[in-house]
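One structure below.
The values are calculated or read from the model by the stated rules, or taken from the named source; none is laboratory data. All figures in this text were calculated on a predicted structure; none of them were measured in a lab. Neighbour counts run over all protein chains shown; Cβ positions are idealised from the backbone, glycine included.
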Amino acid sequence: MDSMDRRNFLRKAGAGAVGLAAAGPWIKEGLSKNSPNETINVAVMGIRSRGGAHAEQFAKMPNVKVVTLCDIDKRLLPKAVADVEKVQGTKPKAEVDIRKVVEDKNVDVLSIASCNHWHALASIWACQNGKDVYVEKPVSHNIWEGRKIVEAARKYKRIVQSGNQNRSGAVVRSAMDFIHQGKLGEVYMVKCAIYRSRNSIGRGKVTAIPEGVDFNLWLGSAPWRSFIDNRFHYNWHWYWDTGNGETGNNGPHYTDMARWALQKYEHPRKIQSIGGYYQWDCDQETPNTQMSVMEYADGKIVQLEVRGLFTTKEIGMQFYGTEGWMKLGGGKWETFYGRKNEPGPSMSDSQAAEKYQPLNTRGTGGGPHFANFISAVRSRNRKELTSDITEGHLSTSMCHLCNIAYRVGRTIYFDSESEIVTGDEEAQRLVVRDYRVPFVVPGQV
């Protein structure tokens, strides 16, 4: 199936009566900032929590300036602006509407830390308007729109970094080198564990939209609904219209490392997922306990488990090879061999830091992943990126596939080339979504 046939099929399968919009009208040539002395101007979209970290990291870097902070909640902007001003000495603009930000010719880079359902459209608009993009995980709200970001990045020759920060981490890079050198034998299975307790979000009620909140913009592509007090800040993660549950929240970090270890540049073929929402009586739609298994065409397996109830606190991974296995987590990796699990080589993050520090990051004052992105923005060479958007799309899609299998309640089979669930119309409809006009991810980027 060629790309046009795939596009037509996906449109029929999931777009419903809502037409796919044409490419945005703001296309311009992006500026190449090759000199380290030229200032790169950054806008940050979404300034609570993770977005604040984005702004701080960029503001610390030499010859990088945060010029705009964008959020639909005006109440958050004054403090965020003041925080950035303290770091970089100049005051960024405050903006509510992302459409004005992508139209601003003074902005070179859009850094996205908004709700999941805004990641793709904001990325595509930025690419169409000649801006480079740093987009948090999951890079998309569904598989189809993730592919559209990749297409936009390539069409407009933009540098687009996925927020899979472990790709730039010293200890993870050293672990991957160890695995790829065959020191565990052939890795046939990877287990990912995300155990972290989450409290009940309770029962929400319809209330007036808070003053200063542009709720229409916040909803974006999601269906219109009344403002419900427990569906807003952060809790949007636990509703399918705006989030992807814990599997889609933290899962992409770990599916990314699993796929990296297995050196897979395709989608898994067979996906199963079970679980549910237990204990709390509340409005959450996504599961707080979920176990998913993905099998590639060659039989290699990735298991992803999330637990949101009271449990041992464990966030990490295990890589199983024909000669030994590795445990990765807590800033170190350890290996074990034989029937008695005799300890083998190990490494801590501090031990790995000197050898595996990414290029062009020392002395930047920013995190390695952000610095790697800025380095690639200057060079215009996407191959320098430690997590190009294609990597982000493949790793994010693994989590989307787990959620699709969970939601339909059966094993699904996915064609990696066409990015279509085969023989299951109900599951295929979840590969894409109906978009609320005018917040429509375009079929032709």
Subject >> Any pair with Cβ under 9 angstrom, 6 or more apart, that starts in the range 329-341 at a residue that is in contact (Cβ under 8 Å) with a residue 24 or more places away in the chain and of a type in the set (Lys, Arg) and ends at one that is in a strand (DSSP E or B) and surrounded by fewer than 17 Cβ atoms within 10 Å (Cβ to Cβ) >> reply: Lys332/Ser346; Lys332/Ser348
**OP:** Working only within the range 416-431, note down all residues that are touching a Lys or Arg at 6+ places or on another chain (Cβ under 8 Å), in a loop (DSSP other than H, G, I, E, B) and aliphatic (A, V, I, L, M).
**Re:** Leu430
**OP:** State yes or no: is Thr286 at pLDDT 95 or above, surrounded by 20 or more Cβ atoms within 10 Å (Cβ to Cβ) and over 21 Å from Phe319 (Cβ atoms)?
**Re:** yes
Original post:
Of the residues that sit in the range 405-430 and are within 22 Å of the chain's Cα centre (by Cα), closer than 24 Å to Gln263 by Cα and hydrophobic (A, V, I, L, M, F, W, C), which one is surrounded by the fewest Cβ atoms within 10 Å (Cβ to Cβ)?
Top reply: Ile420
Original post:
Is it true that some residue in the range 231-238 is within 18 Å of the chain's Cα centre (by Cα) and surrounded by 21 or more Cβ atoms within 10 Å (Cβ to Cβ)?
Top reply: yes
Original post:
Which pairs do you get when a residue that is among the charged types (D, E, K, R), found in the range 398-417, comes within reach of a residue that is part of a loop (DSSP other than H, G, I, E, B) and at pLDDT 95 or above, reach meaning Cβ atoms under 7 angstrom, with the pair 6+ apart or on two chains?
Top reply: Arg407/Leu430; Asp415/Thr422
Original post:
Do we have any residue at all in the range 349-358 that's touching a helix residue (DSSP H, G or I) at 6+ places or on another chain (Cβ under 8 Å), modelled with pLDDT under 95 and closer than 19 Å to Val160 by Cβ?
Top reply: yes
Subject >> Index of the failed condition, Asn216 passing every other in (1) surrounded by 14 or more Cβ atoms within 10 Å (Cβ to Cβ); (2) in a helix (DSSP H, G or I) >> reply: (1)
Original post:
Does Asp241 fit the bill of being touching a strand residue (DSSP E or B) at 6+ places or on another chain (Cβ under 9 Å) and modelled with pLDDT of 95 or more?
Top reply: no
Original post:
Within the range 267-284, can one find any residue that is part of a loop (DSSP other than H, G, I, E, B), out of contact with any strand residue (DSSP E or B) (no Cβ under 8 Å at 6 or more places or on another chain) and within 18 Å of His141 (Cβ to Cβ)?
Top reply: yes
**OP:** Quickly run through the range 184-209 and pick out the residues that are in a strand (DSSP E or B) and surrounded by 13 or more Cβ atoms within 10 Å (Cβ to Cβ).
**Re:** Gly185, Val187, Tyr188, Met189, Val190, Lys191, Cys192, Ala193, Ile194, Tyr195
Subject >> All positions within the range 181-227 that are of a type in the set (Gly, Ala, Ser) and more than 25 Å from the chain's Cα centre (by Cα) >> reply: Gly182, Gly185, Gly202, Gly204, Ala208, Gly212, Ser226
Subject >> Unique match (being closer than 19 Å to Gly212 by Cβ, surrounded by fewer than 17 Cβ atoms within 10 Å (Cβ to Cβ) and among the hydrophobic types (A, V, I, L, M, F, W, C)) among Ala53, Ala82 >> reply: Ala82
Original post:
What are the residues in the range 282-322 that are over 22 Å from Arg259 (Cα atoms) and aliphatic (A, V, I, L, M), if any?
Top reply: Leu309
**OP:** Of the numbered conditions (1) surrounded by fewer than 24 Cβ atoms within 10 Å (Cβ to Cβ); (2) outside the structural domain of Lys264 (by TED's automatic domain parsing); (3) touching a Ser or Thr at 6+ places or on another chain (Cβ under 7 Å), Tyr435 fails exactly one; give the number of that condition.
**Re:** (1)
Original post:
Which condition number does Val377 fail, the rest of (1) crowded, with 24+ Cβ neighbours inside 10 Å; (2) out of contact with any Pro (no Cβ under 7 Å at 6 or more places or on another chain); (3) not assigned by TED's automatic domain parsing to the domain that holds Asn37 being met?
Top reply: (3)
Subject >> Close pairs (7 angstrom Cβ cut-off, 6 or more residues apart or separate chains): closer than 15 Å to Asp283 by Cα in the range 209-235, polar (S, T, N, Q) anywhere >> reply: Phe227/Thr207; Asp229/Thr207
